[in-house]
Each structure stands twice: as structure tokens, then as C-alpha cells.
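Dropping a structure here in C-alpha cells format, bear with me for questions.
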Amino acid sequence: MPPTFGVGAFDSRPLFPSEAWLHGDSAHYAWTDIWVTNHILQAVIGAALVIGFWLWVSHDMKVVPGKKQFVGEYLYDMLRNTVARDILGHDYKTYLPYIVSIFSFVLINNLFGQFFLFMFPTFSKIGFAWGLALLTWLLYNGAGIRKWGLFGYLKRMTVPAGVPGALLPLIIPLEILSNFIVRPITLGLRLFANLFAGHLVVLVFVLGGTYLMFVSEPILNKVAGGAAMILAFAIFALELLVAVLQAYIFTVLTAQYVSSAIAEEH
Amino acid sequence: MTPLEGTGPLGPLLPEHPSELIVGIVLFILILVVVWKRVVPTFEALYAGRADAIRGGIERAEQAQAEAKAALEQYRSQLATAKDEASKIREDAKNAGAQVQAEMRSAAAAESARIVQAGHAQVEAERAAVRDELRREVGTLATQLAEKIVGESLRDDARSQRTIDRFIAELDTASPQA
């Protein structure tokens, strides 16, 4: 059985471990060992909270908002006006549900990294990050194909206007690489790596500090360990910022990619 | 198998198990459907309602303003009509007054002329009467006086009467004015 603390926190643990899992017999894992784990439960709770939140604030809305509705409208307006409308232009309402969903889902799962019950950002499991990156990739390519047709869209995305013909053999592969391969990979990796590294740094400071304070002998190490524990709180505050920032970046980039796919001139 | 070691050539960049990927996608699609079908329409309906309410308020205010303006115009025109009427009445009254004055003046003039004429006629008649009276009395007095002076010589009535008449006629011709 792998350790459940420290770096072991990055390993998913089944809620109802089978005998095979307890003995590390990976060939005979039960389906629950893979599908009913702490991280998957965390993601489900996150999604349920997001759905619950939006249904709650959008329930019984008044022209003159109360406190609850004000909070909902504040968040919704930020996504609607400063992200969707400013980036996507007049077609923004089509993509608004996606923008709202992606931001709230990523944000709450990132905040789980600081939330005492989970203490683990869901997107530091890369599978979740790849899932959302894949959906965004499908979204912006689908939006482009819907607007320009398959070949019109491919031409727009691979042959930039105003490029001399001689440069095309160089430009076309670069554009294909950039628009169809690098975009989704960086989108997923950025989210995963920020959360993963951030959480890892917190672990290093906390576990390292603990080791220096309680296991290591020299007195200087104990002082350094105490300093590391204090610094861990600063890192924690930074991680809070990163959690919000990464949710915002993921959302803005999604909108940006859709915008570039449906833009009139390219 | 910690993610730091990884299970394949990509190390931690591959999911531990596809379950994460699939669960993540399914959860997100669930959220998307709810937000798409319920949340966004609710918010957008609210915003549309709010915009309508504001627009309606502005329209109502504009309507009220137009009504007030119309009422003001109406009052102004009524006031102008009233002013015109008042000045017309004043003018009429002035004209009527002048007419009455003129009528009264002419009636008074006629009346005074009539009175003067009547006075004249009366005076004339009285003078005629007085003259007749005087003539008779002067005749009688003169006769009596002459009788006394001349005595019996003037007994012949007829002759004396003729003399008197002649005398009176001479008087009349001497003073033809009445």
C-alpha cells in the first residue's frame, strides 16, 4: 500500500479498496479501485457544488437583486462581459454557457487545494486537465468549422493572410503545429503544472520543515525548519492566487481560441 | 506508482488511469448542460427584463413629458383666447358706451331744441295776447283821455273809432317787429 501523505497524496486512493489493491496486485484491481477514488469523489463534489451554486443563485431572480443574487450576478457578469463579450464579440452568447461552466468548474477544483477537507487541487491529476483541454480543443475547432466549413476553416487556420508564397512551406507546418497541437497541450499542461507544482512546493515546505524540525539533529536545521513552516503559509497564500488565476487564464484562453477560430479576418 | 515517477515514457504527463479523463469530461458536460439550459437563460431573461423595465420607464417618462407639454400648449392657447375675448369685450363695451353717449347727446339736443321751440311759441303767443290786450287797453285809455280833453266834441263814436284804428295801424307800421 503506497503512502497516503506527502508525495503519496498525488496517488488516487480507492474509497472501498479491494484485497488486490491492498496487496498492490494491479492486475486484479476491482473497478471500484479505479472509478471510486478520493480524487474522483472530489471532482464529483466539485461539479455538484458548481451546479448547486448556479441553480441556487439563479433561482427566483428579481429585477432588483438581493444579496444572494448580487453575488451570482457579479460572477456571471464578470464572465459574461469582461471575458465572453469582450473577447468573442457579438456571438458571445453562444459560447457563454461554456465559459461560465469552465471557469466555475476549474475554480472550485483549484480552491480544493486550499480547502481543509480535501487539501488537494483536483487538476494536479493530469487526466482532469487533459479532459478539459480536449473539450476546449473540440469547441474552438467545432466553432470554426461551423462558421467557415471544414476547408474554409483549415485554410484560415493554416494560411495566414499576407504571407508571401515563398514562406508558405515554412508557415503552414508552424501554423498547424501552433493552432492544432500546441494549443490544447499547453492549455492542459499549464493548468496541471501550476496546480501540481504549487501543491508540490507546499508539500516540500511543510514536509521538509517538519523533517528539519523533528528529525534532523543540528539546531540550525530546526530553526530553518521553523522558517520553512512559516514560509509554507506564504506559499499557501500564493497558491490561492494561482488557483484563481489559472481558472481565469484557462477561461480567457478558451474564449481567445474560439475567437480566433471564428474571427472575420485572420 | 507515484506521478513523479510515472508509468510510461511521458512520466507524470499521462493520467494515472483514463477514469480521471472520462469522469472529468462527463462532470463538465453535466455542468455545461445545466448552465446552458437553466442558468444562462435565467440570467439573460432577467437582464432582458431589466433592460425592458428601464426602457419602459424612459418611455413612460417621455410620454408624461409629452402630455405635460400638450397640456401647457392647451393652457397657453386657452389663455390667448381668453385674452382676445377680454379685449374684444372691452372694445365692444367702449363702442357701446360711445354709442349710448352719442344717442343720449343727440336726444338731449333734440329735447333742448324742442323746449326752446316750445318756449319761443309760448312767448310769441303771450306777446300776441299782451299786444292785443295792450292795443285794446291803450285804445280805451286813449279814448277816455281824449274824451276828457276834448269833451263833447268827440261824441261821434264812429269817427273816433276810425281815428283810433288809423293811429294803431300807424303804430304798427312804425314798429313792424312783433
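Could you check segment B:6-45 and list, in sequence order, the residues that are modelled with pLDDT of 90 or more and more than 22 Å from A:Leu132 (Cα to Cα)?
Within segment B:6-45, B:Pro41, B:Thr42, B:Phe43, B:Glu44, B:Ala45 meet the criteria.
With B:Leu46, B:Leu32 as the choices, which residue is surrounded by 10 or more Cβ atoms within 10 Å (Cβ to Cβ), touching a helix residue (DSSP H, G or I) at 6+ places or on another chain (Cβ under 6 Å) and at the interface with chain A (Cβ under 9 Å from one of its Cβ atoms)? Working first, answer last.
Working: B:Leu46 fails: touching a helix residue (DSSP H, G or I) at 6+ places or on another chain (Cβ under 6 Å).
None of the others qualify; the one that does is B:Leu32.
Return the residues of segment A:11-29 that are in contact with a strand residue (DSSP E or B) (Cβ under 6 Å, 6 or more places away or on another chain) and facing chain B (nearest Cβ under 9 Å); say none if nothing qualifies.
A:Ser12, the sole residue that qualifies.
Just name the residue that is nearest to A:Ala9 (Cα to Cα) out of those in segment A:197-218 that are among the small types (Gly, Ala, Ser) and either without any contact (Cβ under 8 Å) to a residue 40 or more places away in the chain or not in a helix (DSSP H, G or I) (or both). Quick ask: steps written out before the conclusion?
Going residue by residue through segment A:197-218, those that are among the small types (Gly, Ala, Ser) are A:197-198, A:208-209, A:216.
From the residues that got through so far, the ones that are either without any contact (Cβ under 8 Å) to a residue 40 or more places away in the chain or not in a helix (DSSP H, G or I) (or both) too are A:197, A:208-209, A:216.
Values: A:Ala197: 13, A:Gly208: 15, A:Gly209: 17, A:Ser216: 23 Å.
Among those residues, the one meeting the criterion is A:Ala197.
Within the bounds of segment A:30-46, is there any residue that is part of a loop (DSSP other than H, G, I, E, B), within 8 Å of another protein chain (Cβ to nearest Cβ) and closer than 27 Å to A:Leu117 by Cα? Spell out the reasoning first.
Step one: list which residues in segment A:30-46 are part of a loop (DSSP other than H, G, I, E, B), which gives A:30, A:36.
Next cut, within 8 Å of another protein chain (Cβ to nearest Cβ) only: none.
Scanning segment A:30-46, I find no residue that is part of a loop (DSSP other than H, G, I, E, B), within 8 Å of another protein chain (Cβ to nearest Cβ) and closer than 27 Å to A:Leu117 by Cα, so the answer is no.
Quick one: would you say A:Gly198 is within 14 Å of chain B (Cβ to nearest Cβ), touching a Gly at 6+ places or on another chain (Cβ under 9 Å) and buried (at least 16 other Cβ atoms within 10 Å of the Cβ)? Working first, answer last.
Working: within 14 Å of chain B (Cβ to nearest Cβ): no; touching a Gly at 6+ places or on another chain (Cβ under 9 Å): yes; buried (at least 16 other Cβ atoms within 10 Å of the Cβ): yes.
No; evaluated as a whole, the condition is false for this residue.
Out of B:Val39, B:Val116, B:Val26, B:Val100, I need the residue that is within 14 Å of another protein chain (Cβ to nearest Cβ), over 30 Å from A:Ala9 (Cβ atoms) and of a type in the set (Val, Ile, Thr). Which one?
On the way: B:Val116 fails: within 14 Å of another protein chain (Cβ to nearest Cβ); B:Val26 fails: over 30 Å from A:Ala9 (Cβ atoms); B:Val100 fails: within 14 Å of another protein chain (Cβ to nearest Cβ).
Exactly one of B:Val39, B:Val116, B:Val26, B:Val100 is within 14 Å of another protein chain (Cβ to nearest Cβ), over 30 Å from A:Ala9 (Cβ atoms) and of a type in the set (Val, Ile, Thr), namely B:Val39.
Here are some residues: B:Thr81, B:Thr140, B:Thr42. Which one is assigned to a helix (DSSP H, G or I) and in contact with a His (Cβ under 9 Å, 6 or more places away or on another chain)?
Values: B:Thr81 fails: in contact with a His (Cβ under 9 Å, 6 or more places away or on another chain); B:Thr140 fails: in contact with a His (Cβ under 9 Å, 6 or more places away or on another chain).
Answer to the check: B:Thr42.
Can you name the condition, by its number, that A:Leu170 falls short on among (1) exposed (fewer than 13 other Cβ atoms within 10 Å of the Cβ); (2) away from chain B (no Cβ under 14 Å); (3) under 20 Å from the mean Cα position of the chain (by Cα)?
(3) is the only condition that A:Leu170 fails.
For A:Leu96, state whether it is in contact (Cβ under 8 Å) with a residue 60 or more places away in the chain, among the hydrophobic types (A, V, I, L, M, F, W, C) and either under 23 Å from A:Leu187 (Cα atoms) or surrounded by 21 or more Cβ atoms within 10 Å (Cβ to Cβ) (or both).
No: the conditions fail for A:Leu96.
Out of (1) touching a residue at least 60 places away in the same chain (Cβ under 8 Å); (2) away from chain B (no Cβ under 13 Å); (3) out of contact with any Leu (no Cβ under 7 Å at 6 or more places or on another chain), what's the single condition that is false for A:Asn109?
With respect to (1) touching a residue at least 60 places away in the same chain (Cβ under 8 Å); (2) away from chain B (no Cβ under 13 Å); (3) out of contact with any Leu (no Cβ under 7 Å at 6 or more places or on another chain), A:Asn109 is out only on (2).
Check segment A:221-234 and report whether any residue there is outside any helix (DSSP H, G or I), among the aliphatic types (A, V, I, L, M) and surrounded by fewer than 17 Cβ atoms within 10 Å (Cβ to Cβ).
Residues of segment A:221-234 outside any helix (DSSP H, G or I): none.
So far as segment A:221-234 goes, no, none of its residues is outside any helix (DSSP H, G or I), among the aliphatic types (A, V, I, L, M) and surrounded by fewer than 17 Cβ atoms within 10 Å (Cβ to Cβ).
Assigned to a helix (DSSP H, G or I), modelled with pLDDT under 90 and of a type in the set (A, V, I, L, M, F, W, C): which single residue out of A:Ala20, A:Ala84 fits that description?
Working: A:Ala84 fails: modelled with pLDDT under 90.
One residue alone meets the criteria, A:Ala20.
Only one of (1) over 22 Å from the mean Cα position of the chain (by Cα); (2) more than 27 Å from A:Gln256 (Cα to Cα) fails for A:Phe118. Which number is that?
With respect to (1) over 22 Å from the mean Cα position of the chain (by Cα); (2) more than 27 Å from A:Gln256 (Cα to Cα), A:Phe118 is out only on (1).
Among the residues of segment B:25-56, what is the count of those that are within 60 Å of the chain's Cα centre (by Cα) and either within 16 Å of A:Lys62 (Cβ to Cβ) or basic (Lys, Arg) (or both)? Step through it out loud before you land on a result.
At the first step, the residues of segment B:25-56 found to be within 60 Å of the chain's Cα centre (by Cα) are B:46-56.
Of the ones still in play, those that are also either within 16 Å of A:Lys62 (Cβ to Cβ) or basic (Lys, Arg) (or both) are B:46-55.
The total comes to 10.
Just to be sure, is A:Phe123 at the interface with chain B (Cβ under 10 Å from one of its Cβ atoms) and either over 15 Å from B:Leu21 (Cβ atoms) or buried (at least 24 other Cβ atoms within 10 Å of the Cβ) (or both)? Give the derivation first.
Values: at the interface with chain B (Cβ under 10 Å from one of its Cβ atoms): yes; either over 15 Å from B:Leu21 (Cβ atoms) or buried (at least 24 other Cβ atoms within 10 Å of the Cβ) (or both): yes.
Yes: the conditions hold for A:Phe123.
Looking at segment A:132-155, can you tell me whether even one residue there is surrounded by 16 or more Cβ atoms within 10 Å (Cβ to Cβ), in a helix (DSSP H, G or I) and touching a Ser or Thr at 6+ places or on another chain (Cβ under 6 Å)?
Looking through segment A:132-155, at least one residue is surrounded by 16 or more Cβ atoms within 10 Å (Cβ to Cβ), in a helix (DSSP H, G or I) and touching a Ser or Thr at 6+ places or on another chain (Cβ under 6 Å).
The values are calculated or read from the model by the stated rules, or taken from the named source; none is laboratory data. The shown structure was predicted, so the numbers you read here are calculated from the model rather than taken from an experiment. Please note: Cβ atoms are built from the backbone with ideal geometry, for glycine as well, and neighbour counts cover all protein chains shown.
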